[in-house]
Amino acid sequence: MWKNQLRWKSNRELIILLPLLKRKLILTAVFNITLTLLLVCSLAFGQLPGGNEDPLGYYNKLSNSGKSTSIALESSIDPDKYILGPGDKLEMFIWGEIELSFELVVSPEGYIFVPSIGSLHVSGSTISDAKKSLIERSRKAYQKVDVSLCLIGVRMMKASISGTVRNPGVYEVASIDRLSRLIFLADGLYNAEEEALTGKTNSASGVMNERKERIEQEAKPVFNEEFEPSLRKITITDLEGVTRIIDYLRYQRTGNIEYNPVLKGGDQVNVPRKDSQVGVIHIFGAVKIPGEYEYIINDHLSDLIEIAGGFQSSALLSEILILRFDGNDTKRIFADLSENSSSGGKFVLQADDRVFVRSKLSYRQKYHVEIRGEVNFPGTYPIEDNKTNLSEIIELCGGFTDRADIDNSQIFRLSFAETDDPEFERLINTPIGIMTNIEYEYFKSRMRIEIPQVVVDFGKLFNEDISSEDVILRDRDVIDIPIKSLNVNVTGLVLHPGLVRYKPGENYKYYIQQAGGFTWNANKDKIRLIKADNKVLIRLKSDTVIDVGDTIFIPEKKETNWWISLKDVLTVVSRLATILAVVISVSS
């Protein structure tokens, strides 16, 4: 019987609970549907209730509500320097006769409340100072205890930025954030060229948010194409009206965080426009980043050099020239920043000063020559310009091989080939018909020169040890040591032009015969010999000595048009006859 009563009671309770369960399920479903519709609408319009936040970020906040978020730190926080403020989270430990721990949050009024101790004003105090005050108060309530105070969460606060940034406005920053963080949140400094190239921006979902874009465009400052933000005169004004001028460019160039200060709640940052017409200084020469820079009152020479990236290794530090304009006069001032000087860097600059950092003459310039061909270790070798001799380099590369043709070796001077020759440039644009004989001969000689050669007799230097032939090398000289040849080159109008094996004592006729003899149109009266050692053309005779590597050149005989020649002769004769007739008629 009691089982039936229990079953009846259970069914009765179930009947009562079912409507409640249905109602809860319906409410849960309605809430989920509403939340889903809210998210969909937010993604479509690019924002959520409460501001223009990223919808995915807002959803994460809803999902993770109640969970703390860690903030990246640039280093450990110094308790002697960190200033507490509303929103900071602290943890207090008490141990000794009793052991307690409390999580404390600084209230908007700047107080923390500790059970059994009471409230304590800590806003504006360092962590170390707050700890000392807590120890004094704790020992009145607890006997024989030690107290520790730790920062476990930094506060978030508001700071505003205006001026020449892409998106000026009020942003949320952490109490450990610096000026660079606020500039980053404002999408960086304004740049007219980048803005023109970037065009429209997209929302987080990839869909164009026209409304948000229009609002941002209306909030942006209007600048002309010459606009440029000032980085050396950024101002930070705190809630008490105290203004600091920040040289942010020095932070960018040096990384010194002194010029990238930590912000305070309510700070107002302004990035003004750079005035390029007045208040500038220039630095040129042997610095890493030469150019024009904004001038700040009491700028020192060392400040400008630091902003310019420092000196190049070739800088002449003992004679830095400063040009200063004083009315219609220009003053020349020299500063010494060498190691022996202690006052040069403290030199105070003035607006419109021009600083010139000169370079040391030939400082660490790298000179080299190249040696090719028949030496034991060909390649590129360093030299001292105008000091290293040819014999030193030949010794350095291991000397000649057994196949080296020492007598026909050459030195090409590339540096001379790149020098300007105004006279040759003028003759190139001058018709040959109006050149003088000397100009024409010079023009032909220059046209023959592809790369200038250094006159040196390798044979006399290395075979006969004549030191006068040991020339001084120059930067980028090329030393060419050819392989020893056993042939004579016959080229031009022969039946079989090419190489003919050298035979001592034979004249040029022998080599032409070995090459098949003359062709029908060969000019036998204009045969020339090109010597292998100096490439000079000489007229051949029967007794001309032919050496190994020489070239015999047989030019083409020009065809004669006898009809044109006869016509020219008759023209001349007729003109002479006319002149003779005139002379006879005048004399009679």
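The values are calculated or read from the model by the stated rules, or taken from the named source; none is laboratory data. Since the structure is predicted, the reported quantities are computational estimates derived from the model, not experimental observations. Glycine gets a Cβ as well: all are built from the backbone with ideal geometry, and neighbour counts include every protein chain shown.
Values computed for the structure shown
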read-out	value
Search result, residues across segment 102-120 that are aliphatic (A, V, I, L, M) and out of contact with any strand residue (DSSP E or B) (no Cβ under 8 Å at 6 or more places or on another chain)	Ile117
Residue within segment 525-533 that is outside any strand (DSSP E or B) and loosely packed, with under 12 Cβ neighbours inside 10 Å present	yes
Test for Lys531: is it in contact with an Asp or Glu (Cβ under 9 Å, 6 or more places away or on another chain) and charged (D, E, K, R)	yes
Of all residues in segment 474-497 being more than 23 Å from Val375 (Cα to Cα) and surrounded by 13 or more Cβ atoms within 10 Å (Cβ to Cβ), the one that is farthest from the chain's Cα centre (by Cα)	Val494
Selection from segment 56-99 of residues that are assigned by TED's automatic domain parsing to the domain that holds Cys150, modelled with pLDDT under 85 and either assigned to a helix (DSSP H, G or I) or aliphatic (A, V, I, L, M) (or both)	Ile98
Hits in segment 457-482 (condition: of a type in the set (Lys, Arg) and either within 16 Å of Ile393 (Cα to Cα) or assigned to a loop (DSSP other than H, G, I, E, B) (or both))	Arg474, Arg476
Leading residue by the ranking (farthest from Val165 (Cα to Cα)) among those in segment 257-296 that are touching a His at 6+ places or on another chain (Cβ under 9 Å) and surrounded by fewer than 14 Cβ atoms within 10 Å (Cβ to Cβ)	Gly291
Number of the condition not met by Gly345 [criteria: (1) outside any loop (DSSP other than H, G, I, E, B); (2) at pLDDT 80 or above]	(2)
Residue within segment 505-522 that is surrounded by 15 or more Cβ atoms within 10 Å (Cβ to Cβ) and over 29 Å from Arg403 (Cβ atoms) present	yes
Strands (runs of 3 or more DSSP E) wholly inside segment 102-180 containing at least 3 residues that are of a type in the set (A, V, I, L, M, F, W, C) and surrounded by 15 or more Cβ atoms within 10 Å (Cβ to Cβ)	145-153, 156-163
Residues that are on the phi > 0 side of the Ramachandran plot and in contact (Cβ under 8 Å) with a residue 60 or more places away in the chain, drawn from segment 479-503	Gly492
